[in-house]
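The values are calculated or read from the model by the stated rules, or taken from the named source; none is laboratory data. The structure displayed is predicted, hence computed values, not measured ones. Heads up, the Cβs are rebuilt from the backbone with ideal geometry, glycines too, and the neighbour counts pull from every protein chain shown. We work out accessible area using only protein heavy atoms, side chains counted, and drop any ligands, DNA or RNA first. Shrake-Rupley method; radii C 1.70, N 1.55, O 1.52, S 1.80 Å.
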Amino acid sequence: MKDLDRNTKQGLEAEKLVFEKEKGILNSDKRLANFQDRLRHVFREDGDGDGYDIISCEYDEKTNEVIDRYVEVKSTRHDKNSPFYLTENELNVAKKEGKLYHIYRLYKNDDDNWDYYVIDDVYKNIQCKPIKYRAIPKN
């Protein structure tokens, strides 16, 4: 239970940082500044289950439209190369949304501050290895 509480607290802290980062991106782009209302911390508002933590938006140069941007946040207190876990739902949403699905990977740097990198088009840019299976007894 102690690990779960710590991980939940760490996850929310990381999501808040990413939410503020996304807000800054919208504010700094004149094409997106009027779309602040599209920025939502989905996890806090609706709970877990949508397959992403934050919905933001980005400008599509090809269509000249503002489109949704799906953001999942994964944090660790280990180094930036440590593996992370995705739910089946997160992986399915990443596949469905393609280039619109992004992971912010937060990790603690040498100064014990949060640092991050972004994985774009997640389904194409990660390798997944199944390590656990849900087993249901047969009748």
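Measure nothing fancy, just the Cα-based angle from helix 88-97's long axis to the longest principal axis of the chain, in degrees from 0 to 90, nearest 10.
Relative to the chain, helix 88-97 is tipped by roughly 30 degrees.
Say a paramagnetic label sat at a point 7 Å from the Cα of Lys124, along Cα to Cβ; which residues of the stretch 39-76 have their backbone N under 19 Å from it?
Once the point is set 7 Å along Cα→Cβ of Lys124, 58-64, 67-72 turn out to lie under 19 Å by backbone N, inside the stretch 39-76.
Looking at this model, which pairs from Lys16/Lys80; Lys23/Lys132; Lys23/Lys108; Lys23/Lys62 are more than 25 angstrom apart at the alpha-carbon? Walk me through the intermediate numbers first.
Numbers: Lys16/Lys80 19 Å; Lys23/Lys132 36 Å; Lys23/Lys108 22 Å; Lys23/Lys62 23 Å.
Beyond 25 Å between Cα atoms: Lys23/Lys132.
Could you give the dipole magnitude of the stretch 64-139 about its Cα centre, charging the beta-carbon of Lys and Arg +1 and that of Asp and Glu -1, in debye to the nearest 20?
Details: 14 positive and 13 negative charges, 124 e Å.
With only Lys, Arg, Asp and Glu charged at Cβ, the dipole is about 600 debye.
How many angstrom lie between the Cα centre of the stretch 6-37 and the Cα centre of the stretch 53-107?
13 Å
Can you tell me the dipole magnitude for the chain around its Cα centre, using point charges on the Cβ only (Lys, Arg +1; Asp, Glu -1), in Debye to the nearest 20?
On the way: 26 positive and 29 negative charges, 109 e Å.
The dipole of the chain has a size of about 520 debye.
Using DSSP loop states and a limit of at most 15 other Cβ atoms within 10 Å to flag chymotrypsin sites (Phe, Trp or Tyr not before Pro), what is the longest stretch of the chain containing no flagged site?
Values: sites that count: Phe84, Tyr85, Tyr133.
Longest run free of exposed loop sites: 1-83.
Between Asp29, Asp53, Asp112, where does the largest GNM mean-square fluctuation fall for the chain, given springs only between Cα atoms within less than 10 Å?
Ranking Asp29, Asp53, Asp112 by mean-square fluctuation puts Asp112 first.
Note the full-extension length gain between Ile25 and Asp60 as 0.36 nm times their separation in residues minus their Cα-Cα distance, in nm to one decimal.
Numbers: separation 35, 0.36 × 35 = 12.60 nm, distance 1.45 nm.
The span from Ile25 to Asp60 would gain 11.2 nm if fully extended.
Reachable lysines from Lys124, Cα under 18 Å, same-chain residues fewer than 8 places away excluded?
Lys74, Lys95, Lys96, Lys99
At 222 nm, what value in deg cm²/dmol follows for the chain if DSSP H runs of at least 4 each add -39500 (n - 2.57) and the sum is divided by all its residues, to the nearest 500?
Working: 4 runs with 46 residues, N = 139.
One gets -10000 deg cm²/dmol as the mean residue ellipticity at 222 nm.
Looking at the stretch 44-112, which GluC sites (Glu not before Pro) are in a loop (DSSP not H, G, I, E or B) and have at most 12 other Cβ atoms within 10 Å? Walk me through the numbers before you get to the answer.
Values: sites: Glu45, Glu58, Glu61, Glu65, Glu72, Glu88, Glu90, Glu97; in loops: Glu61.
Within the stretch 44-112, the qualifying GluC sites (Glu not before Pro) (loop, at most 12 other Cβ atoms within 10 Å) are Glu61.
Would you mind getting the accessible area per residue of the stretch 26-139, heavy atoms of the protein chains only, 1.4 Å probe, in Å²?
Working: 8090 Å² over 114 residues.
Per residue, the stretch 26-139 has an accessible area of 71 Å².
Along the charge dipole of the chain, which of Leu12, Ser82, Ser56 sits closest to the positive end, that is, farthest toward it, with unit charges on the beta carbon of Lys, Arg, Asp and Glu (+1, +1, -1, -1)?
Ser82
Rank Lys9, Lys21 by accessible area, highest first, at a 1.4 Å probe radius? Intermediate values should be presented prior to the final figure.
Values: Lys9 150, Lys21 85 Å².
So the residues, ranked largest to smallest area, are Lys9, Lys21.
Over the chain, with every protein chain in place, what whole percent of the accessible area is carbon and sulfur at 1.4 Å, could you tell me? Don't skip to the end; give the middle numbers.
On the way: 4690 of 9890 Å².
For the chain, the apolar C and S fraction of the accessible surface comes to 47 percent.
Heavy atoms only, 1.4 Å probe, whole protein assembly: order Leu91, Leu17 by accessible area, highest first. Before the final figure, lay out the partial values.
Numbers: Leu91 45, Leu17 80 Å².
In descending accessible area the options line up as Leu17, Leu91.
Within 10 Å of each candidate Cβ there may be at most 13 other Cβ atoms; applying that plus a DSSP loop requirement, which trypsin sites (Lys or Arg not before Pro) in the stretch 51-139 survive?
Working: sites: Lys62, Arg69, Lys74, Arg77, Lys80, Lys95, Lys96, Lys99, Arg105, Lys108, Lys124, Lys132, Arg134, Lys138; in loops: Lys62, Arg77, Lys80, Lys132, Arg134, Lys138.
Of the trypsin sites (Lys or Arg not before Pro), the ones in loops of the stretch 51-139 whose Cβ has at most 13 other Cβ atoms within 10 Å are Lys62, Arg77, Lys80, Lys132, Arg134, Lys138.
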